[in-house]
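The values are calculated or read from the model by the stated rules, or taken from the named source; none is laboratory data. These numbers were taken from a predicted model, which means no experiment stands behind them. Glycine also receives a Cβ, built like all others from the backbone with ideal geometry; neighbour counts cover every protein chain displayed. Quick note on the areas: whole protein, heavy atoms, side chains included, nothing else; ligands and nucleic acids left out. Shrake-Rupley method; radii C 1.70, N 1.55, O 1.52, S 1.80 Å.
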Number of protein chains: 2
Amino acid sequence: MKKLINSPDTIVTDALAGIAAAHPGLAVDIENKVITRAGGPQAGKVGLVSGGGSGHEPLHGGFVGYGMLDAACPGEVFTSPVPDQMLAATKAVNGDAGVLHIVKNYTGDVLNFQMAAELAEDEGIEVVPVVINDDVAVQDSLYTAGRRGVGATVFVEKIAGALAEEGAGLDKVADLAREVNERSRSFGVALTSCTVPAAGKPTFDLAEAEIEMGIGIHGEPGRTRTALAGARELAAAALEDVEEPASIEKAELVGRFERALDRVFRVLAAAPELPEVG
Amino acid sequence: MKKLINSPDTIVTDALAGIAAAHPGLAVDIENKVITRAGGPQAGKVGLVSGGGSGHEPLHGGFVGYGMLDAACPGEVFTSPVPDQMLAATKAVNGDAGVLHIVKNYTGDVLNFQMAAELAEDEGIEVVPVVINDDVAVQDSLYTAGRRGVGATVFVEKIAGALAEEGAGLDKVADLAREVNERSRSFGVALTSCTVPAAGKPTFDLAEAEIEMGIGIHGEPGRTRTALAGARELAAAALEDVEEPASIEKAELVGRFERALDRVFRVLAAAPELPEVG
């Protein structure tokens, strides 16, 4: 594994220390892993909070600033932040106009943000969550019920962040965030696997001339593996689903059937002897 | 080679077509490979032009726009653009306040921009070139006499671009560009080689746990190969030269001596039989 890191154990805190050193406009709580805009909450402005597992930088800490997020809380690599972080972030940006939680649709993130929202509401802070689910490649996935949330997050943070900066109320900011999500669709293609530092080796193997269509951002299985093709051809294949997400269900069923069959074949191939039938 | 391209032959024109489709604020001359801000030259504003081999995106086409470059001309991958492109770009952004050429210090770029400047001056356009040479890793290099020009280019384009947008004259804009370059120093580290699409294979090999310190952006040899170490240690080694560029010459001499010896050893190892001495 070739990475410019110090140790898998300190990746997140090292990165936070770097952000603190590079960006005097941010307040970085390294211990509790919360990045906020310096200067505390802005009275009367809706606060925007996002967060998720690390390893997708510059999400979300790189988008904290004027007209975008008010706070971000990074979890460990590919691991949801905990509700305490989210609660601390929510309280830190509360300017008494409510707080928007921008949540990528992964089960851990959704549950933890939900808990954090309940805790914040117990403390009298109004919270509205918006779940991002732009990835049209697969319907359900390894860490997700429904579609995964991916690149649309950046557009939501930018566009809803601009509206909040203009002084709009929580409902309007949340409505716009939902609209941006609904109008965004994405489809991932992997040339190679990522390597989680703590694991030290690629999450999966792809052959030299092979790619995976519809991959997730943590290496969650996509829809099919196929031969590397030209950019135009791959873009057209991805766009088919971006333009017609209705086709997902059928393709997903076919994909599941293929994967199930593949498992059967592998079990059969590995079986030392098969019982006779009849 | 796993790349999302159509063909090595059409990379640059495909990319230009993509830029044209994505950015209505730009005017893209795909045939002559010149990107300018839409709307033609701005009267009374110093024009900023840069360019260089492709393969370093978003340099330079990604930085054409308000407060940055007025035009960029991309060459083929790792190949200088030709003087005709640079001349076309210079004429396209000429608002009768002179044109600044921002040139990364590679011999081909420097010579071609010099020729373009002479041609432009023949047509009555005042041109001032600023050569960027921030890379303190080596003194001379495969395609460069003196230091190489690397990341400082972006800062020059941004900072001098902002001053030009404010209406400053050519001399002032050029002075600031030079100052930004003089205050910038960089040092490259490679974990792996790049793969030039037309070549289809890595330019050089690095072992699994090996890195190259002081590498150039085209894979030009750096100073030393060493074992992969922690980020803090590598940053400290690079910073030593960033903070004390005076040490370059000595280190460079040692590096050259080592490389020369290495060649001798390889020749000896490959020689079928050596003549007796005596």
In nm, give the distance between the simple-model label positions of residue B:66 and residue B:123, each being 7 Å from the Cα along the Cα-to-Cβ direction. 2.8 nm
In whole percent, the fraction of accessible protein surface over region A:111-209 that belongs to carbon or sulfur atoms, probe radius 1.4 Å, stands at 53 percent
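Rounded to the nearest 5, what % of the DSSP beta bridges within the protein assembly as shown are antiparallel ones?
Working: 30 of 64 bridges.
In the protein assembly as shown, approximately 45 percent of DSSP beta bridges are antiparallel ones.
Contour minus end-to-end for residue A:198 and residue A:224, with contour as 0.36 nm per residue of separation and end-to-end as the Cα-Cα distance?
Values: separation 26, 0.36 × 26 = 9.36 nm, distance 2.72 nm.
Net length gain for the segment: 6.6 nm.
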For region B:73-188, share of DSSP beta bridges that run antiparallel, in % to the nearest 5: 20 percent
Pseudo-label separations to other copies for residue A:10 - Cα-to-Cβ vector, 7 Å, nm: 5.0
Label residue A:175 and residue A:32 with points 7 Å out from Cα along Cα→Cβ: what is the distance between them in nm? 3.4 nm
Under the classification rounded if a/c is under 1.5, otherwise prolate if a/b is larger than b/c and oblate if not, where does chain B fall, given a ≥ b ≥ c as square roots of the Cα gyration tensor eigenvalues? prolate
Point-to-point label distance, residue B:84-residue A:207, nm (Cα→Cβ direction, 7 Å offset): 4.5 nm
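Counting only helical runs of four or more DSSP H residues, what would the 222 nm mean residue ellipticity of chain B come to if each run contributes -39,500 (n - 2.57) and the total is spread over all its residues? Walk me through the intermediate numbers first.
Numbers: 7 runs with 101 residues, N = 278.
Rounded to the nearest 500, the figure is -12000 deg cm²/dmol.
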Listed pairs A:45/B:158; A:2/B:3; B:158/B:201; A:158/B:33 exceeding 23 Å between Cα atoms: A:45/B:158; B:158/B:201; A:158/B:33
Per residue accessible area in Å² of chain B, where ligands, DNA and RNA are left out and the probe is 1.4 Å: 50 Å²
Taking the label point 7 Å from Cα along the Cα-Cβ vector, the copy-to-copy distances for residue A:240, listed from shortest in nm with one decimal, are 5.6
Specify whether the C-alpha gyration tensor of region A:111-174 places it in the rounded, prolate or oblate class, a ≥ b ≥ c being the square roots of the eigenvalues: rounded for a/c under 1.5, otherwise prolate if a/b is larger than b/c and oblate if not. oblate
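Which loop-located GluC sites (Glu not before Pro) does region A:178-223 contain, where loop means any DSSP state but H, G, I, E or B and the Cβ has at most 12 other Cβ atoms within 10 Å?
Counting only loop positions with at most 12 other Cβ atoms within 10 Å, the GluC sites (Glu not before Pro) in region A:178-223 are A:208.
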Which shape class applies to region A:91-142: rounded if a/c is under 1.5, otherwise prolate when a/b exceeds b/c and oblate if not, where a ≥ b ≥ c are the square roots of the Cα gyration tensor eigenvalues? prolate
Helix A:152-165 versus the longest principal axis of chain A: what angle, 0 to 90°, nearest 10, using Cα atoms? 10 degrees
In nm to one decimal, list the spacings between the residue B:146 label point and its equivalents in the other copies, with label points set 7 Å along Cα to Cβ, shortest first. 5.9
On complex formation of A with B, accessible surface lost, both sides summed, probe 1.4 Å, nearest 100 Å², amounts to 1600 Å²
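Let's test the formula: R0 of 35 Å, r as the Cβ-Cβ distance of residue A:2 and residue B:107. What FRET efficiency results, to the nearest 0.05?
That pair, residue A:2 with residue B:107, gives E of 0.65.
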Where the Cα atoms of region A:27-109 are projected onto their three principal axes, how long is each span, largest first, in whole Å? 34, 22, 21
With a cut-off of 13 Å, note down the residues of region A:1-24 whose backbone N falls inside the zone around a label point 7 Å from the Cα of residue B:191 toward its beta carbon. A:1-8
Could you identify the residue of A sitting closest to the A-B rotation axis by Cβ and state that distance rounded to whole angstrom? A:192, 6
Heavy-atom accessible area, 1.4 Å probe, ligands and nucleic acids excluded: residues of region B:1-22 down by at least 40 Å² from chain alone: B:2, B:4, B:6
By DSSP, what percent of the beta bridges with both residues in chain B are antiparallel, rounded to the nearest 5? 45 percent
Sequence gap at least 6, Cα distance under 8 Å: using those rules, report the relative contact order of region A:37-104 to the nearest whole percent. 47 percent
Amide H neighbours of residue B:224 under 5 Å, at least 5 residues apart or on other chains, H built in the peptide plane: list them. B:213
